[in-house]
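The values are calculated or read from the model by the stated rules, or taken from the named source; none is laboratory data. Note that this is a predicted model, so its numbers are computed, not measured. Virtual Cβ from ideal backbone geometry, glycine too; neighbours counted across all protein chains shown.
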Amino acid sequence: MPLIKDGRIVEDDWTHVPDGEDVPADRPAIISFERWQAERASFEGRNAALGVRVKSGTLAPAIAPDLERFALVAIEFPKFRDGRGFSTARELRERYGFAGEIRAVGHFIPDQYQFAVRTGFTSAEAPANTNPESWARALTEITVAFQPSLDDPQPLSLLRRRLGA
């Protein structure tokens, strides 16, 4: 699957490791949150970066105690209608100060990309035959926001209230 960052397809240095398979010691690897919980001690002393993949229903407080161990958090979107991942990403950034990569994985579409960036995502896995232009265009299609975000704490609605409009 192509990896999208800043509206462009980029090379993905990370390897998704299914549960039960060996985790490579020499390159960045993404494991499931369930595997992390079961095998946490086996990752002590690991030199290569480690990422964790969480299901859409996993809340940020569940992974918060271990955030310093992860360079990446991949949040699953089982359906494009499921918006729980946006809340998780925002909470990881705002409440827990996570500065690593937050990646959208699963059923994620370009229409959601700008909102994902506004809530703290830094990358997204796109479908295999994706149109790269649609991802770049998604970042610029909407120029006015009504809700605050990580990249724009002064939304239009706040400006209107201040001006009394």
Qualifying positions in the range 88-104 - surrounded by fewer than 16 Cβ atoms within 10 Å (Cβ to Cβ) and either assigned to a helix (DSSP H, G or I) or of a type in the set (D, E) (or both): E94
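Conditions tested, residue by residue: (1) assigned to a helix (DSSP H, G or I); (2) touching a helix residue (DSSP H, G or I) at 6+ places or on another chain (Cβ under 9 Å); (3) at pLDDT 85 or above; (4) of a type in the set (D, E).
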position	(1), (2), (3), (4)
Q112	yes, yes, yes, no
A116	yes, yes, yes, no
I142	no, yes, no, no
L158	yes, no, no, no
Among the residues listed as A29, A25, A89, the single one being aliphatic (A, V, I, L, M) and either under 13 Å from the mean Cα position of the chain (by Cα) or closer than 24 Å to L139 by Cβ (or both): A89
Single residue of the range 29-87 satisfying the filter (assigned to a helix (DSSP H, G or I) and in contact with a Gly (Cβ under 9 Å, 6 or more places away or on another chain)) that is nearest to F115 (Cα to Cα): F86
Every pair of residues 6+ apart whose Cβ atoms lie under 7 Å, when the first sits in the range 56-72 and is aromatic (F, W, Y) while the second is in a loop (DSSP other than H, G, I, E, B): F70/G100
Test: residue in the range 68-82 that is under 13 Å from the mean Cα position of the chain (by Cα) and not hydrophobic (A, V, I, L, M, F, W, C): yes
Boolean, S42 is at pLDDT below 95 and either touching a Lys or Arg at 6+ places or on another chain (Cβ under 8 Å) or closer than 23 Å to W135 by Cα (or both): no
Failed item in (1) small (G, A, S); (2) surrounded by 15 or more Cβ atoms within 10 Å (Cβ to Cβ); (3) closer than 22 Å to T15 by Cβ, with A128 passing the rest: (2)
Any hit, the range 9-17, residues being crowded, with 16+ Cβ neighbours inside 10 Å, part of a helix (DSSP H, G or I) and touching a residue at least 24 places away in the same chain (Cβ under 8 Å): no
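Taking the range 45-69 as the search range and keeping residues that are of a type in the set (A, V, I, L, M, F, W, C) and over 19 Å from E21 (Cβ atoms), which one is modelled with the lowest pLDDT?
Just the residues of the range 45-69 that are of a type in the set (A, V, I, L, M, F, W, C), to begin with: 48-50, 52, 54, 59-60, 62-64, 67.
Pick out the ones that are also over 19 Å from E21 (Cβ atoms) and you get 59-60, 62-64, 67.
Details: L59: 91, A60: 95, A62: 96, I63: 96, A64: 96, L67: 96.
Ranking the qualifying residues of the range 45-69, first place goes to L59.
Tell me, yes or no, whether the range 49-56 has at least one residue that is of a type in the set (S, T, Y), touching a helix residue (DSSP H, G or I) at 6+ places or on another chain (Cβ under 8 Å) and under 19 Å from G106 (Cα atoms). Full working, then the answer.
Of the range 49-56, the ones of a type in the set (S, T, Y) are 56.
Cutting the leftovers down to touching a helix residue (DSSP H, G or I) at 6+ places or on another chain (Cβ under 8 Å) gives us 56.
Right, trim to under 19 Å from G106 (Cα atoms) and you get 56.
Yes, the conditions are met somewhere in the range 49-56.
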